[in-house]
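The values are calculated or read from the model by the stated rules, or taken from the named source; none is laboratory data. This structure is a prediction, so every number in the text was calculated from the model and none was measured. Because the Cβ atoms are built from the backbone with ideal geometry, glycine has one as well, and the counts that use them run over all protein chains shown. These area figures cover heavy atoms from the full protein model, side chains too; ligands, DNA and RNA do not enter into them. Shrake-Rupley method; radii C 1.70, N 1.55, O 1.52, S 1.80 Å.
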Amino acid sequence: MRDSPPTRFTKSQLLLSSWLRASGFSNSLEKEFTPYFVDIYIDELNLGIEIDSRFHISKKRDEESDARIKQFHNISILRFDNKEINEENKQRI
């Protein structure tokens with residue numbers, strides 16, 4: 001999770017968001033839950049989705065921010081590795 005939104009969305013964010021919409025789940029990209037942003041948010045499920053890239057190295061920080069979002073916003077966080085999204089995309093082609 002970031003403390004500020006990115007300047008553009010990643011390919012993985014756009015792919016997963018598209019798959020979710022095709023499955024009937026409306027979602028928001030880079031939804032803010034002060035002081036954090038989650039990659040994808042599904043309002044009807046109170047679910048935030050994070051896509052961790054190869055630059056993602058702080059599991060402890062993730063656990064702390066996930067717990068804070070759950071505590072203060074009642075939102076569960078589901079995490080995927082960027083590789084998982086890319087592999088799924090290859091299988092869909």
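Things to note:
- Residue in the stretch 49-58 that is among the charged types (D, E, K, R) and over 16 Å from Thr10 (Cβ atoms) present: no
- Counting only residues that are in a loop (DSSP other than H, G, I, E, B) and open to solvent by 70 Å² or more (accessible area, probe 1.4 Å), the stretch 38-93 holds 5 of them.
- Residue satisfying all of: in the stretch 18-37; in contact with a Leu (Cβ under 9 Å, 6 or more places away or on another chain) and surrounded by 13 or more Cβ atoms within 10 Å (Cβ to Cβ); farthest from Ala67 (Cα to Cα) among these: Phe25
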